[in-house]
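The structure appears below as structure tokens.
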Amino acid sequence: MDHNLIKQCKTGQRHAQFLLYDSCFPWLMQVCVRYMPDETEARAILNSGFLKILMNLNRYNPDVPFEAWGKRIMINTIIDAFRKSQSKRRKVEIVEIDFAHESRHVDYNQAELLLDVEVYEKMIHQLPEIQRKVFNLFAIDGYTHAEIGDLLSMSTGTSKWYLNAARQNLKEMIAEKLRSESSPNAASTKRIPLNQPR
């Protein structure tokens with residue numbers, strides 16, 4: 001990131017702010033669409049997050065990669081919006097999931113060969129909202145369960161439960177997709193290997 005551009009933004013120069021927005025848009029949008037399936041909502045939350053980035057530029061430490069700093073602000077903006085959208089807090093009963101007795105076995109090596117990135121992203125977007133947020137925060141953005149608990153106002157155990165539930169739902173979706181891909185009538189498409197969720 002051009003530090004001169006950041007200095008110009010700090011002084012309120014509109015043209016510099018536009019250039020910064022244009023530069024940040026691709027990776028900020030990438031963060032937003034992971035959490036917000038609707039593109040219109042993703043763009044709206046991106047604009048809110050970018051405004052916070054501009055307002056906090058004086059706190060930015062040049063020793064920290066700008067993308068990592070901006071990404072953290074964007075994720076916090078998304079979580080804040082999620083909190084506000086909740087009409088009331090609901091207690092969640094923690095239920096242990098026994099993965100040792102799963103009825104459906106998923107061969108992740110096969111899944112990596114068959115599923116492309118876009119299909120996998122669509123599966124994540126099909127998860128219930130809270131499961132999707134916990135999964136993204138933990139498996140993709142690297143937050144700990146303690147950090148997720150603080151962000152989403154839940155216990156560490158509840159965060160772990162939502163992650164397990166998300167993984168279970170993804171396994172079921174992958175198993176279903178693999179069955180359809182292995183059928184004789186399945187169309188062959190170019191595939192991109194995926195990493196297994198943590």
| remark: When restricted to 82, 99, the only residue at pLDDT below 75 and either assigned by TED's automatic domain parsing to the domain that holds residue 33 or not small (Gly, Ala, Ser) (or both) is 99
| task | Kindly indicate which of 60, 21, 35 is within 22 Å of residue 126 (Cα to Cα) and among the aromatic types (Phe, Trp, Tyr). | result | 35
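To keep it simple, each residue is scored yes or no on (1) within 21 Å of residue 27 (Cα to Cα); (2) at pLDDT below 85.
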{"position": "126", "(1), (2)": "no, no"}
{"position": "135", "(1), (2)": "yes, no"}
{"position": "138", "(1), (2)": "yes, no"}
{"position": "148", "(1), (2)": "no, no"}
{"position": "159", "(1), (2)": "no, no"}
{"position": "163", "(1), (2)": "no, no"}
{"position": "177", "(1), (2)": "no, yes"}
{"position": "189", "(1), (2)": "no, yes"}
| query | From 25, 50, which residue is at negative phi, touching a helix residue (DSSP H, G or I) at 6+ places or on another chain (Cβ under 7 Å) and not in a loop (DSSP other than H, G, I, E, B)? | reply | 50
| task | Select from the range 156-181 the residues that are small (Gly, Ala, Ser), surrounded by fewer than 18 Cβ atoms within 10 Å (Cβ to Cβ) and in contact (Cβ under 8 Å) with a residue 40 or more places away in the chain and list them in ascending order. | result | 157, 175
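The values are calculated or read from the model by the stated rules, or taken from the named source; none is laboratory data. Keep in mind that what you see is a predicted model, and the values were worked out from it rather than measured. No Cβ is skipped: glycine too gets one built from the backbone with ideal geometry, and neighbour counts run over all protein chains shown.
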